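A quick write-up on the structure given underneath.
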Amino acid sequence: MKKIFSFVDYDCFRVIFSNALPALIWIFLATRILLSIIFETKTSALTWLVIVNRGLFFTYMSMLTLMFVIRKPHKTISKSTLDWFYSMGGTFAPFAFRFIQTNQGLPVTGISLQLIGCIMSIVVILNLNRSMGILPANRGIKTGGIYRLVRHPLYTSYILVNLGFIFVNPDLYNACIFIIAILFQILRLNKEEKLLSKDPDYEEYSKRVRWKLLPFIY
């Protein structure tokens, strides 16, 4: 069996799968979001807030897909299966969230948090530019803009977006998924830190910017 499949480059396959799958999912989500905006019929103030939020989501997804297509080649990249698992978990765990019908949520608060998270995500992507990626890799060290506040601002934005979803859809199951997603992100960023710390520029940067994820917390 090993001889039959000896020609397969499994490391290459894993990297391609890690890149192609997210890109396809983001294109699908961006299309769904755009269609939901086009065919929205409600006109309440909350609905307009939702539409703005969806518009930002669409912008974020579109930019994410584009940056993946034109991104820089990596200088170094993790080939660890465990790192791949953490990266996939951090990226896709929130897809397990479920919408619930309830009057106990705080939709304005939740959508506002998602708006802040989306805007932050867009700012981070503009900072990262062609250095986007899923797996831990070094595509150049970013230290300016929002990276002066925390070392992993994109993951901070994910937490805000996911927390906003919890406020709109309060549920024990969703809360558990939220915690699992955060744990994956922490494991993921620590793996990234380990890889990037081999770069002297990142060592210097980490001394200047103390916080990894949340200022004054972590």
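The values are calculated or read from the model by the stated rules, or taken from the named source; none is laboratory data. Treat the numbers as computed from the prediction; the structure is a model and nothing was measured. Don't worry about glycine lacking a Cβ; one is built from the backbone with ideal geometry, like all the others, and counts go over all protein chains shown.
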Six or more apart or on different chains, Cβ atoms under 8 Å: show the pairs whose first residue is in region 86-102 and in a loop (DSSP other than H, G, I, E, B) and whose second is of a type in the set (S, T, Y). R98/Y173
Just to be sure I understand the filter: pairs with C-beta atoms under 7 Å, separated by 6 or more residues or on different chains, first member in region 56-70 and more than 13 Å from T31 (Cα to Cα) and in contact (Cβ under 8 Å) with a residue 40 or more places away in the chain, second member surrounded by fewer than 16 Cβ atoms within 10 Å (Cβ to Cβ) and not hydrophobic (A, V, I, L, M, F, W, C). Which pairs pass? M67/N129; M67/R130; I70/R130
Could you please tell me which pairs satisfy a Cβ distance under 6 Å, a separation of 6+ or placement on different chains, a first residue in region 185-212 that is within 26 Å of L163 (Cβ to Cβ) and of a type in the set (K, R), and a second residue that is modelled with pLDDT under 90 and in a loop (DSSP other than H, G, I, E, B)? K191/P136; K212/Y218
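Specify the residue that is surrounded by the fewest Cβ atoms within 10 Å (Cβ to Cβ); the eligible residues are those in region 71-85 that are polar (S, T, N, Q) and outside any helix (DSSP H, G or I).
Within region 71-85, the subset polar (S, T, N, Q) is 76, 78, 80-81.
Of the ones still in play, those that are also outside any helix (DSSP H, G or I) are 76, 78, 80.
Working: T76: 13, S78: 20, S80: 16.
This residue is T76.
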In region 173-191, is there at least one residue being within 24 Å of L66 (Cβ to Cβ), polar (S, T, N, Q) and either crowded, with 16+ Cβ neighbours inside 10 Å or touching a helix residue (DSSP H, G or I) at 6+ places or on another chain (Cβ under 6 Å) (or both)? yes
Going through M67, M88 one at a time, which residue ends up being of a type in the set (A, V, I, L, M), closer than 23 Å to L183 by Cβ and within 14 Å of the chain's Cα centre (by Cα)? M88
Go through the residues of region 128-142 one by one and say whether even a single one is surrounded by 17 or more Cβ atoms within 10 Å (Cβ to Cβ), at pLDDT below 95, part of a helix (DSSP H, G or I) and of a type in the set (A, V, I, L, M, F, W, C). yes
Going by what's in this entry, would T156 be described as hydroxyl-bearing (S, T, Y) and not in a helix (DSSP H, G or I)? no
If you go through region 94-106 one residue at a time, how many are surrounded by 13 or more Cβ atoms within 10 Å (Cβ to Cβ) and either β-branched (V, I, T) or under 14 Å from R54 (Cβ atoms) (or both)? 1
